[in-house]
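Novice: Below is the structure I would like to discuss, written out as structure tokens.
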Amino acid sequence: MLDTDASDRHPFLQGLSKHRGAPPTVIVIFGASGDLTSRKLIPALYNLGLDNLLPRDFHLIGYGRKPIPDEDFRNDSEAALKEFSRRPLSDELWKHLRPNISYHAGGYDDLKAFESLREKLLAIEKEVGRDVQFLFYISTPPSVFKPILENLGASGLAKHGEESDLASKVIIEKPFGRDLATAQELNTIITNEFDEKQVYRIDHYLGKETVQDLMVLRFANSIFEPLWNRNYVECVQITVAENLGVGTRGGYYDQSGATRDMLQNHTMQLLALTAMEPPVSLSAEDIRDEKVKLLKAIQPMKTGPDGDVVRAQYGEGLIDGERVPAYMQEKDIPATSCTETFAALRMSIDNWRWQGVPFYLRSGKRLARRVSEIAIQFKQASGSLFSDPARFDLASNTLVIQIQPDEGVTLLMNSKIPGLETRTQPVKMHFRYATTFGSNTPEAYERLILDAMVGDSTLFIRGDETETSWKLYTPILDHWAECGRKGLDSYTSGSWGPLAADRLLWEGKHEWRRAGP
Ligand code: NDP
Ligand code: BG6
């Protein structure tokens, strides 16, 4: 049943035209029975509806291999909303959204199923009575990105709407490829079937408020930018740590590992925004040009025992006081697995701004706590006024941008301890988003899906960006694949990773921060 009667429409769906002008849209989610769809995508769409940001004519079609009756998919979506939406279910809105949700079963490599999907989409467009934008969201494991893109081309869906200026769009989840060659292959298919402006390679870290705030922090505050270079910065540490294990995603994760799952994409985006030059404007192309330039300036990393990279797998341990199993004991992990659940890297950026400043990156599962942060550690103040360590406890000034949780910015400084003697102690100055702005901020996927709907690609990855990043990681991944388990460290669940990760910093006389506020 299609909700096309304007008189019966809920005010929540009067929508976007007032805000950012998204046209009538059908979103098709490939992999709609999966984890991401229920935990993030359905709740994101629903919350856009709550904020009056969905277009008036909005439809959602789930796509997957096993047949699911429409009614069951609606029930599953409702259950997902109850469990995962950041705001409670409004019966009023849901009553209007629910009938416009349906399911289409078919293989990802089955052209006939794509052709019948096209018929369904055209029928919706006919009922709506005007041009409708088709937005395809590829939320499957990366192994089927390729047939989906090819079939969108072969079925004519990729070309739909070109003449009316409402060309189809496609959002592609990460990891985009397994290495440089597969990323190039995907980009070639994309170039054959789509125009680059139809394509939205998603990295949900770019939708996080704190990540978007990085450019504001750097370029809208005159106190930071003059210090943001090799003259003042001692090193930069980027940590993306999770205390969760692989959970039910062992099948996917064992094919990926920490490097493909987190470092090549999320962590590199944090690095690029932290280290790039100021773009000439806030346009998508200008920002992406600067990110690519930065990525190109990163030097190849050395592998081997004294190299720049460390990988490890979690063993059993304690998380929040509960015993958790080792990675090798998790569901769907093969006995021969040599997949890393932790990786740490030392990078150097060969450009004017960053020459000689080490960038340390680490990411892993089952670490001590969930925390993502960027720490800019400044050089020690010069002079010997406070050089007696018995009296003066001094820390390096460090600016910590806490991406999550407890989003905020902390500046570590040194202060005199009140009293008649002159003694010092490091202190922290905090800015917390929740305190200043309240805590109910939109989820990253809300922002990004809305941006794709209205055609703003600023927070998405360009094809050359992902290839430049893969160029750095592919030799490392190839080397690890050759070594198998040889050289694969292990760490106790609930720790901060293997000792070998500390070694990466010794040469520069640095040590990992205890990440967190
Ligand atoms: P799932 O493993 O839950 O898979 C999604 C759906 O894809 C499944 O329900 C299944 O649908 C289909 N599928 C699963 N395995 C295969 C296979 N081997 N071949 C073909 N189809 C398969 O994935 P997620 O939902 O966790 O993730 C989807 C994408 O989103 C991935 O690319 C992931 O990297 C990315 N992502 C996930 C996040 C998360 O937290 N889950 C976060 C950020 C990104 P059916 O059987 O019905 O066809
Ligand atoms: C996804 C990874 O891209 O990001 C997951 O596939 C990881 O393994 C998740 O758990 C982390 O996202 P967030 O937003 O919770 O930091």
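Novice: Expressed as cubic angstrom per residue, what is the convex hull volume of the alpha carbon set of the range 399-507?
Specialist: For the range 399-507, the hull spanned by Cα atoms encloses 242 Å³ per residue.
Novice: For the range 449-517 and the range 87-142, compute the distance between their C-alpha centroids and round to whole Å.
Specialist: When both Cα centres are located, 35 Å separates them.
Novice: Nearest 0.05, what FRET efficiency do Arg130 and Thr248 give at R0 = 35 Å with Cβ-Cβ as r?
Specialist: Once rounded, the FRET efficiency stands at 0.25.
Novice: Strictly greater than 27 Å: what percent of every Cα pair in the range 6-173 meets that?
Specialist: Percent of Cα pairs beyond 27 Å in the range 6-173: 21.
Novice: Show the residues, 5+ positions off or on another chain, whose built amide H is closer than 5 Å to the amide H of Gly62.
Specialist: Long-range HN contacts for Gly62: Ile29, Ser102, Tyr103, His104.
Novice: Roll a 1.4 angstrom probe over the protein heavy atoms and tell me the percent of accessible area of the chain that is carbon or sulfur.
Specialist: Of all accessible area on the chain, carbon and sulfur atoms account for 52 percent.
Novice: Continuing with the same structure: Is any helix in the chain, taking whole DSSP H runs, at least 15 angstrom long along its axis by alpha carbon and on average at least -1.0 on the Kyte-Doolittle scale, and which ones?
Specialist: Those that clear 15 Å and a mean of -1.0 are 111-128, 180-193, 209-219, 284-297, 444-454, 463-483.
Novice: Still on this structure, I have one more. What is the log10 of I(q)/I(0) for the chain, computed with the Debye formula using one identical point scatterer on each Cα and no solvent, at q = 0.06, 0.11 Å⁻¹?
Specialist: Scattering profile of the chain, log10 relative to I(0): -0.31, -1.01.
Novice: So for the pair Ala79, Lys509, with labels modelled 7 Å out along Cα→Cβ, what separation do we get in nm?
Specialist: Here the answer is 5.9 nm between the modelled labels.
Novice: Still on this structure, please answer the following. Hey, can you find the accessible area per residue of the chain for me, probe 1.4 Å, expressed in square angstrom?
Specialist: I get 44 Å² per residue for this part.
Novice: For Arg513, Arg218, give the ranking by accessible area with the largest first, probe 1.4 Å.
Specialist: Numbers: Arg513 50, Arg218 0 Å².
Listed by decreasing accessible area, they come as Arg513, Arg218.
Novice: Say a paramagnetic label sat at a point 7 Å from the Cα of Ala381, along Cα to Cβ; which residues of the range 416-459 have their backbone N under 17 Å from it?
Specialist: 416-419, 421-429
Novice: How many nm separate the modelled label positions at Ser439 and Ser490, each set 7 Å beyond the Cα in the direction of the Cβ?
Specialist: 3.8 nm
Novice: Additional query: So, in nm, how far is label Lys146 from label Leu227 when the simple model puts each one 7 Å beyond its Cα toward the Cβ?
Specialist: Those two pseudo-labels are separated by 4.9 nm.
Novice: Let me ask you something else. For Lys146, give me every one of the lysines with a C-alpha distance below 19 angstrom, ignoring sequence neighbours fewer than eight places off in its own chain.
Specialist: Lys112, Lys159, Lys169, Lys174, Lys197
Novice: Roughly how big is the range 6-173's charge dipole about its Cα centre, with Cβ charges of +1 (Lys, Arg) and -1 (Asp, Glu), in debye to the nearest 20?
Specialist: 360 debye
Novice: Please list Asp320, Asp261 in order of solvent-accessible area, largest first, computed with a 1.4 Å probe with all protein chains present.
Specialist: Output order, biggest surface exposure first: Asp320, Asp261.
Novice: Another question about this same structure. Calculate the dipole size of the range 39-96 relative to its Cα centre from +1 charges on Lys and Arg beta carbons and -1 charges on Asp and Glu beta carbons; express the result in debye to the nearest 20.
Specialist: For this selection, approximately 300 debye.
Novice: Here's another thing I want to ask about it. Would you please give the FRET efficiency between Gln329 and Asp502, computed as 1/(1 + (r/R0)^6) with r the Cβ-Cβ distance and R0 = 25 Å, to the nearest 0.05? Mind dumping the intermediate values first?
Specialist: Details: r = 26 Å, r/R0 = 1.05.
It comes out at approximately 0.45.
Novice: Please say if the range 189-284 is rounded, prolate or oblate, where rounded means a/c under 1.5 for a ≥ b ≥ c the square roots of the C-alpha gyration tensor eigenvalues, and otherwise the choice is prolate for a/b larger than b/c and oblate otherwise?
Specialist: oblate
Novice: Further question: Projected onto the charge dipole of the range 405-460 (+1 at Lys/Arg Cβ, -1 at Asp/Glu Cβ, origin at the Cα centre), which of Ala452, Thr436, Gly419 gives the Cα projection farthest towards the positive end?
Specialist: Working it through, the farthest residue towards the positive pole turns out to be Gly419.
Novice: Let me ask something additional. Any idea which of Pro43, Ser116, Ser143 is furthest toward the positive side of the dipole for the range 6-173, if Lys and Arg beta-carbons carry +1 and Asp and Glu beta-carbons -1?
Specialist: In the range 6-173, that residue is Pro43.
Novice: Sticking with this one: So what are the ³J(HN,Hα) numbers for the range 155-161, from phi and the Karplus equation (6.51, -1.76, 1.60; θ = phi - 60°), rounded to whole Hz, Gly and Pro as x?
Specialist: 7, x, 5, 5, 8, 4, x
Novice: I would also like to ask the following. Taking amide H positions as placed in the peptide plane 1.01 Å from N, state which residues far from Phe460 in sequence (5 or more) or on other chains have amide H under 5 Å from it.
Specialist: Result for Phe460 returns nothing.
Novice: What residues have an amide H closer than 5 Å to that of Ser490, excluding those fewer than 5 places away on the same chain, when H is modeled at 1.01 Å from N in the peptide plane?
Specialist: Placed amide hydrogens put Gln313 under 5 Å from Ser490.
Novice: Heavy atoms only, probe 1.4 angstrom, no DNA, RNA or ligands counted: give me Trp228, Trp506 ranked by accessible area, highest first.
Specialist: I get Trp506, Trp228, largest accessible area first.
The values are calculated or read from the model by the stated rules, or taken from the named source; none is laboratory data. Note that the coordinates shown come from a computational prediction; the quantities given were computed from them, not determined experimentally. As a convention, Cβ positions derive from the backbone with ideal geometry for all residues, glycine included, and neighbour counts pool all protein chains shown. Surface accessibility is based on the protein's heavy atoms, side chains included, excluding ligands, DNA and RNA. Shrake-Rupley method; radii C 1.70, N 1.55, O 1.52, S 1.80 Å.
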